[in-house]
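Peer 1: There's a structure below that I have some questions on.
What follows is calculated from the coordinates using simple rules that are stated; it is not laboratory data. All of these numbers come straight from a predicted model, not from anything done at the bench. All Cβ positions, glycine included, derive from the backbone under ideal geometry; neighbour counts span all protein chains shown.
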Amino acid sequence: MSAIIPPGRVAWGLQLPIQAQSTIFVEPWEAGATTDDLVAVARAADRAGALYVGVCEHVAIPKPHDETMGTTWYHPFTTLGFLAGVTESVRLLSHVVALPYHHPLEVAKAFTTLDALSGGRAIVGVGAGHVEAEFALLGVSFADRGRWVERSLPAIRAALDDEYPSLPDGAWGLDGSAAISPRPVQRSVPIWVGGSSPVAVRRAAQHGDGWLPQGVRRDDLPAVVARVRDLRAQAGRPEQFDVGALVGCYVGTPRHEVTRAYVGEPEHLADQLRPWVEAGANQLQVRFPSRDRDELVDQIERFGAEVAPLLDGSG
């Protein structure tokens, strides 16, 4: 498998509201939001040409993490399956599944099924997890999480690509004697690896088709992209690779205070975002500040119609 964004193109997507309500980024209106609101936002992204909508994973939030992380985190497999039925073309991304919480065949099964049900729109976003107390609650070793991810990624790739998956060393019992079906519509479902540590970047380069960073500064991105290219060349992987960036945007003039976001008319926003593309990102995950569902839908539609076309084809 290789990247899904054609060379020279710039895509965008968004982490959906409502499904994850960390106090770090949640908007006040989300606390009272409904399923109809979630559907309206996902459909707006679908209409506006977003590449994907994303859903996070946490199973249970132990105290005192609930004070900053909140307690509302929808199950990604369930939510993405539901969204498959109410959207038409937007891709469905887990951003991210904590691999140590799952057997790799469970993850592969979830996404082969999602891809089959959605007509080929799944993206497997994976990570190592980070809340040690949640690991303890689930009876999973926090210290061994990196090793679990390293062992899981080849197994997931094998099961996504072959109905009877096998690995050279027979890890996880994959010796071609057991089947995973239904099969995906895509020839090979893409895997995007999350995290910004050097280890996470290495995993993305060696095992993934794309990278989902967390908190990487724009000035640091070129060096990371260069490292990814070197690692992929050493591993014999295709040069093409999807690189993300997290940005905040507000199209137009807000009537409320907006922080941690680029603000302005479409041409100004494109000027602010283009350096991210020049630094190596070919997909932008955009967070839109909003006071209610209608404002968020309007922002998504305006970005898709007025800003995204100014970026696509740059870089």
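Peer 1: Quick one: C249 ticks every box in (1) crowded, with 20+ Cβ neighbours inside 10 Å; (2) part of a loop (DSSP other than H, G, I, E, B); (3) out of contact with any Asp or Glu (no Cβ under 8 Å at 6 or more places or on another chain) bar one, so which box is it?
Peer 2: (2)
Peer 1: Same structure, new question: Can you tell me which residue is farthest from S152 (Cα to Cα) among those in segment 86-101 that are out of contact with any helix residue (DSSP H, G or I) (no Cβ under 8 Å at 6 or more places or on another chain) and not in a strand (DSSP E or B)?
Peer 2: The residue in question is H95.
Peer 1: If you scan segment 185-215, which residues turn out to be surrounded by fewer than 19 Cβ atoms within 10 Å (Cβ to Cβ), among the β-branched types (V, I, T) and assigned to a loop (DSSP other than H, G, I, E, B)? Walk me through it before giving the result.
Peer 2: The first filter runs over segment 185-215 and keeps only residues surrounded by fewer than 19 Cβ atoms within 10 Å (Cβ to Cβ), leaving 185, 187-188, 196-199, 202, 206, 214-215.
Subset that is among the β-branched types (V, I, T): 185, 199.
Matches in segment 185-215: V185 only.
Peer 1: If you go through segment 1-38, how many residues are in contact (Cβ under 8 Å) with a residue 24 or more places away in the chain and acidic (D, E)?
Peer 2: So the answer is 2.
Peer 1: Given the criterion of a type outside the set (G, A, S) and either assigned to a loop (DSSP other than H, G, I, E, B) or farther than 17 Å from G195 by Cα (or both), identify the matching residue among L83, L153. Show your work before the answer.
Peer 2: On the way: L153 fails: either assigned to a loop (DSSP other than H, G, I, E, B) or farther than 17 Å from G195 by Cα (or both).
After ruling out the rest, the residue left standing is L83.
Peer 1: Hey, another quick one. Can you tell me which residues in segment 266-301 are assigned to a helix (DSSP H, G or I), touching a Gly at 6+ places or on another chain (Cβ under 7 Å) and charged (D, E, K, R)? Show your work before the answer.
Peer 2: Our first condition is that a residue be assigned to a helix (DSSP H, G or I); within segment 266-301, this holds for 266-278, 293-301.
After this cut, where a residue has to be touching a Gly at 6+ places or on another chain (Cβ under 7 Å) as well, the list is 277-278.
Listed by number, the list holds a single entry, E278.
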